[in-house]
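Structure first, then comments.
The values are calculated or read from the model by the stated rules, or taken from the named source; none is laboratory data. The shown structure was predicted, so the numbers you read here are calculated from the model rather than taken from an experiment. Cβ coordinates were reconstructed from backbone atoms using ideal geometry, including for glycine residues, and neighbour counts include every protein chain displayed. The protein model used for the area step is the full one, side chains on, heavy atoms only, and it has no ligands, DNA or RNA in it. Shrake-Rupley method; radii C 1.70, N 1.55, O 1.52, S 1.80 Å.
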Amino acid sequence: MKNNAMAMGVRTRIIYGALAIMTIILSMGENTMAQTKSTTIVRNIVLVHGGLVDGSGWEGVYNVLKKDGYTVTIVQNPTISLADDVAVTKRAIAVQNGPVILVGHSYGGAVITEAGNDPKVAGLVYIAAFALDKGESVSSLIKDPPPGAPVPPILPPVDGFLLLDKAKFPASFAGDVSPEKAEFMADSQVPWGVDALGGTISQAAWKAKPSWYLLTTEDRMLPPDAQRLMSKRAGATVVEVKSSHAVYVSHPQAVAHIIEEAARGALVAVKESATSAAAD
């Protein structure tokens, strides 16, 4: 009897010990999976505004991304020259603690196309933006609008800076924004330097980095057909939204959604591209 009890005790200890080991192994597996999953998501988002506006328009997008656990930095470009704006953006990239998703609206697309060559940038997101190629500028793309395309109500330059006609700003730039908000945007315009429009791209980052493009079908500033051409040329993943040029203000959820899609897919796309290149 005594021997049987001792044997049962030994077996019980062995069983409990085995269960404890299995629990530890399973826990390690779950932690590894969680860590692997987290490392495939880019957590740093840098938002770059376009011409005529400042970074405050990103507030709605910022709130969604912050709620979802992202670190969000908003660049305040002076929009005096492309080179200066790229330098300001690269300073914002430099202080991030890991890979970055770089997002640009409108003229901000030109900025991220150049600044996106920074090694920290894992992916690019264009929001109704200029996805330029080497040697191109915003000026070169808008100088010959196609027949029938809406022409932005840009006033003649004053001291080398541009503004939109305030009365026509809402319909052209912010057609689906509340009248009060659109009027505020018109009255708070930031003068856009002619030199910024003329700045050319030295190397297009989208040729080496994965890109996403939010295309606005009701845009009266940057024609949808031009957006289609640029996004196709860049090989971007495209999402279309029925919106004005100010989509980042009127549809912050849709903008945040495509940014988060890029955050989940950029590192995977880079890894797949590297694997494919190695196989070749």
Only Lys, Arg (+1) and Asp, Glu (-1) charged, at Cβ; the range 45-126 dipole about Cα centre in debye: 220
Ranked order, Thr216, Thr73 - accessible area, probe 1.4 Å, largest first: Thr73, Thr216
Nearest-10 value in Å² for the accessible area of Lys166, using the 1.4 Å probe: 120
Set of aspartates and glutamates near Lys166 by C-alpha distance (under 14 Å), chain-local residues within fewer than 8 positions excluded: Glu180, Glu183, Asp187
In Å², nearest 10: area of Thr39 left accessible to a 1.4 Å probe: 90
Coil-residue trypsin sites (Lys or Arg not before Pro) of the range 181-276, DSSP, other Cβ within 10 Å capped at 13: Lys242
Integer Hz, Karplus 6.51/-1.76/1.60 couplings in order for the range 82-87, x for Gly and Pro: 4, 4, 5, 5, 5, 5
Virtual spin-label span in nm between Gln253 and Asp225, 7 Å along Cα→Cβ: 3.3
Net charge, Val95 excluded, C-beta distance under 13 Å - Lys, Arg +1, Asp, Glu -1: +2
Sequence of Asp159, Asp54 when ordered by accessible area, the most exposed leading, probe 1.4 angstrom: Asp159, Asp54
Full-extension gain in nm, Lys134 to Lys67, via 0.36 nm per residue minus C-alpha separation: 20.5 nm
Anisotropy class of the range 155-244 from Cα gyration tensor, a/c 1.5 cut: oblate
Residue-count net charge about Glu218 - beta-carbon cut-off 11 Å; Lys, Arg +1, Asp, Glu -1: -1
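What does the C-alpha gyration tensor say about the overall shape of the range 119-171? Classify as rounded when a/c is under 1.5, otherwise prolate if a/b is larger than b/c, or oblate.
Working: a/c = 1.83, a/b = 1.73, b/c = 1.05.
Cα axes put the range 119-171 in the prolate bin.
So how strong a dipole does the range 88-209 carry about its Cα centre when Lys and Arg Cβ are +1 and Asp and Glu Cβ are -1, to the nearest 20 debye?
460
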Sequence-distant residues sharing a close amide H with Tyr213 (under 5 Å, placed H): Tyr126, Thr237, Val238, Val239
Sum of side-chain charges, Gly160 neighbourhood, beta-carbon under 14 Å (Lys, Arg +1; Asp, Glu -1): -3
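Could you give the dipole magnitude of the range 181-246 about its Cα centre, charging the beta-carbon of Lys and Arg +1 and that of Asp and Glu -1, in debye to the nearest 20?
On the way: 8 positive and 7 negative charges, 86 e Å.
My answer is approximately 420 debye.
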